[in-house]
1. Going by the structure shown, is GLN157 more than 30 Å from ASP244 (Cα to Cα), in contact (Cβ under 8 Å) with a residue 24 or more places away in the chain and out of contact with any strand residue (DSSP E or B) (no Cβ under 6 Å at 6 or more places or on another chain)?
2. Scan SER206, SER198, SER219, SER193 and give me the residue that is at pLDDT 95 or above, crowded, with 17+ Cβ neighbours inside 10 Å and of a type in the set (Ser, Thr, Tyr).
3. I want to confirm something. Restricting to segment 142-172 and keeping residues that are touching a helix residue (DSSP H, G or I) at 6+ places or on another chain (Cβ under 6 Å) and among the aromatic types (Phe, Trp, Tyr), which single residue is nearest to LYS200 (Cα to Cα)?
4. Suppose we keep only residues that are at pLDDT 95 or above and small (Gly, Ala, Ser) within segment 230-247. Which one would you say is surrounded by the fewest Cβ atoms within 10 Å (Cβ to Cβ)?
5. How many residues are under 15 Å from the mean Cα position of the chain (by Cα) and either assigned to a strand (DSSP E or B) or hydroxyl-bearing (Ser, Thr, Tyr) (or both) if we restrict to segment 95-126?
6. Tell me, which residue of segment 74-94 that is more than 18 Å from the chain's Cα centre (by Cα) and closer than 18 Å to PHE239 by Cα is surrounded by the most Cβ atoms within 10 Å (Cβ to Cβ)?
Amino acid sequence: MPTKTKTKKTELEIKEVPILQTPDDNKITFNRNHFFSVLVVVAFAVGVLTGFFVWGYDQPAETANQPTGQTQEPSYVRYDIETEGYPSLGPADAPITIVEFSDFQCPFCKRFHEETYQALLEAYPGQIRFVYRNLPLTSIHPDAMSAAVASLCADEQNVYWDFHDKLFSGELLNRNVYTQYASELNLDTDKFSACLDSGKFDDFISQDMDFALNLGVQSTPTFFINGLAIVGAQPLSSFQNLIDKELAGEIP
């Protein structure tokens, strides 16, 4: 369960910029102006056969010094993503750990949840540990922060993932909705409401945001599969392509 941090909350200003136009339009991109610069990393590679984008994957183009038709082997970058102390689902010793940086009000995060999330877990039973980290884009999604707080308040009563699913199931995010979900899940609603008002998770969420933005994450949702990044609400096949290579030991 997340622990309360004692760091002073960082003021954030994240503003909307044009969404990176991809064949699937499956992510929201953003910019941040205070304290940290978002690294200018449009880190994607187009898989010729798979058609998905992997941030941190480098496919060099042919050069004048290379024979025509010859390309270098792709290289992969693994990022060190902390998982301890964050809501997780699945075996602690699973061979695949997927960390999602997400926003409960992001339409593409919702798309991933509705179209891919459950199918992905079912495709690899017992092999995936799924970790959720918060990246609410507060300047364009005014209810994203409160939803993140509500999810962590539910986590205090050990119903994080059921609450997480409910947040992605509806169209509205507000206090009345959170309280309704808490009641439906048989939470102690008085304790839940007190948690919503406490501010106890504000620093925890802000530190998640700081980490993601310093790393160069530019879009929600962004996933790290054993440290290898995939950006956007990609189809199941895109995740399978990378996971299967990882399980087969084909990625250094």
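The values are calculated or read from the model by the stated rules, or taken from the named source; none is laboratory data. Computed from a predicted model, the values in this text were never measured in an experiment. Heads up, the Cβs are rebuilt from the backbone with ideal geometry, glycines too, and the neighbour counts pull from every protein chain shown.
1. Answer is yes for this residue.
2. Details: SER198 fails: crowded, with 17+ Cβ neighbours inside 10 Å; SER219 fails: at pLDDT 95 or above; SER193 fails: crowded, with 17+ Cβ neighbours inside 10 Å.
Residue meeting the stated conditions: SER206.
3. Top of the filtered list is TYR160.
4. Restricting to residues being at pLDDT 95 or above and small (Gly, Ala, Ser), the top hit is SER237.
5. Result for segment 95-126: 8.
6. In the first step, residues of segment 74-94 are kept if they are more than 18 Å from the chain's Cα centre (by Cα); the result is 74-76, 91-94.
Subsequent filtering for residues that are closer than 18 Å to PHE239 by Cα retains 74-76, 94.
Values: PRO74: 13, SER75: 12, TYR76: 18, ALA94: 16.
Result: TYR76.
Yes or no, residue by residue, for (1) modelled with pLDDT under 95; (2) among the basic types (Lys, Arg); (3) surrounded by 23 or more Cβ atoms within 10 Å (Cβ to Cβ):
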{"position": "ILE128", "(1), (2), (3)": "no, no, no"}
{"position": "ASN134", "(1), (2), (3)": "no, no, yes"}
{"position": "THR138", "(1), (2), (3)": "yes, no, no"}
{"position": "PHE163", "(1), (2), (3)": "no, no, yes"}
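Yes or no, residue by residue, for (1) closer than 30 Å to ARG78 by Cβ; (2) over 13 Å from the mean Cα position of the chain (by Cα); (3) of a type in the set (D, E, K, R):
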position	(1), (2), (3)
ASP165	yes, yes, yes
PHE168	yes, yes, no
ASN176	no, yes, no
LYS191	no, yes, yes
PHE204	yes, yes, no
GLN207	yes, yes, no
